[in-house]
Amino acid sequence: MEILEGISTKDMVQNFRELENNDDVCTVILKVKNKAFGNVNPFEIKLCGKTMLEWVANAVYDTKICYAEYNFGDDFLPVVKRVVDTNCKYTLVLFSDTPLFQRKNFLQIMEYFKIKSLSVLKLTRGYVFETKYLMQIESLLNPQMQYFEEEDFMTCLNFKQTAMVNEVLRNRILSYFMKNGVFIEDPTSTFIDADCQIGEGTVIKPFNQIKGHSVIENDVIINSNNIITDSVILHGASITNSEIVNSFVGNNAVIESFCQIKNNAKICDGVVLPSHCIVDGVVIKPENKLKSFVSYKAE
């Protein structure tokens, strides 16, 4: 990225403060249709729990967001003009096939654009316009280009590249949790969706999937080979080689191997659930006498 010359620190700070309110920006996200994906709409493909479209939209959540379907390789200008909010001073054009795009990159791009007082700026994959200028032009001739965080513009042009992008997203999520005090013993075999919450001091051993909107509190032990989906696991619990779906596990509860807990089941604080149990939509309390190889279901 080129150095911004002739701009005082005071001006840059003021400009950044103005960016904290982005209601002057209309983001047009083009829902890219690409023949390389056959009959699949690539913008609907989920990566780490979110669609490609959702990943892009999350980065610009406080702008006015407009969507339009777009065939890969077509002229984007007419499509953008049809949907843009002309009441917004600036228009950011993004493509759904860049799900790595992050908010910090968005803020840097808009800061640069405003400081330079540009009419149009070409990104590696996308554009920024003054909206008034956008509505006046019929075509783009050699617009100024600027490079920002290039990893954010990795493009899902086919299934192979989509798998590569998914791996980057997965590693970003794992890195976030490890920086925040979660010990992930083997990142290569651990999968955590973007909307999960995991507390400090939790240990995640190899071959685990934590999916959906699961919440795992502090100091939980997730032993190997679990699938946890849309569930809540409270402080100090221990889970081993089991599946927990849309259910609740209390403080210091122990779930032994080969258990299934599902359909809004609740395992109360301190319960030790023996191996090979199915708990389907019922509440298990410490006073319950539990045995292995038993199904506990609502009557």
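Read-outs throughout are calculated quantities, based only on the coordinates presented, and are distinct from any laboratory measurement. Predicted, not measured: the structure shown is a model, and the values here were computed from it. Backbone-built Cβ (ideal geometry, glycine too); neighbour counts: all protein chains shown.
Of note:
- Percent of beta bridges antiparallel (DSSP, the chain, rounded to nearest 5): 15
- Net charge dipole, the chain: roughly 460 debye, given to the nearest 20, about the Cα centre with Cβ charges of +1 for Lys and Arg and -1 for Asp and Glu.
- Centre separation in Å (Cα based) which lies between the stretch 189-206 and the stretch 151-185: 14
- Hz values of 3J(HN,Hα) by residue in the stretch 282-296 - Karplus curve (6.51, -1.76, 1.60), Gly and Pro given as x: 10, 9, 10, 10, x, 7, 5, 8, 10, 9, 5, 6, 10, 9, 10
- Simple point charges give the picture: +1 on the Cβ of Lys and Arg, -1 on the Cβ of Asp and Glu, and for the stretch 9-156 a dipole about the Cα centre of about 100 debye.
- Near Val254, the amide H atoms lying under 5 Å from its own belong to Ser238, Val271, Val272, Leu273; only residues 5 or more places off or on other chains count, and H is placed 1.01 Å from N.
- Degrees separating the helix 9-19 axis from the principal Cα axis of the chain, which is the longest one: 70
- Separation of the stretch 23-60 and the stretch 71-117, taken as the distance between their Cα centroids, equals 13 angstrom.
- The alpha-carbon of Lys262 sits under 17 angstrom from the alpha-carbons of these aspartates and glutamates, leaving out residues fewer than 8 places away in its chain: Asp230, Glu243, Asp280, Glu299.
- Charge dipole magnitude, Cβ of K and R +1, D and E -1 - the stretch 179-297, Cα centre, debye nearest 20: 400
- Packing order of peptides 59-66, 252-259, highest average first: 252-259, 59-66 (average count of other Cβ atoms within 10 Å over each peptide's residues).
- Under 5 Å between amide hydrogens, built in the peptide plane, is the criterion, and for Leu140 it picks out nothing among residues at least 5 positions away or on other chains.
- Cleavage-rule hits, GluC sites (Glu not before Pro), the stretch 138-245, DSSP coil, Cβ neighbours within 10 Å at most 10: Glu138
- Integer Hz, Karplus 6.51/-1.76/1.60 couplings in order for the stretch 176-189, x for Gly and Pro: 4, 5, 5, 5, 9, x, 9, 8, 9, 5, 9, x, 5, 10
- Peptides 90-96, 226-232, 155-161 ordered by packing proxy, namely the average of other Cβ atoms within 10 Å per residue, highest first: 90-96, 226-232, 155-161.
- Percent of Cα pairs exceeding the 25 Å cut-off, where the set is the chain: 58
- Residues whose amide H falls under 5 Å from that of Asp97, counting only those 5 or more places apart or on a different chain, are Val32, with hydrogens built in the peptide plane.
- Residue-wise HN-Hα couplings along the stretch 24-35, as the Karplus relation 6.51 cos²θ - 1.76 cosθ + 1.60 with θ = phi - 60° gives them from phi, are 8, 10, 9, 9, 9, 9, 7, 7, 6, 9, 9, 4 Hz; Gly and Pro carry x.
- Entries in Lys64/Lys160; Lys50/Lys104; Lys50/Lys297; Lys31/Lys81; Lys31/Lys122 that, when Cα-Cα distance is taken, lie over 23 Å: Lys64/Lys160; Lys50/Lys297
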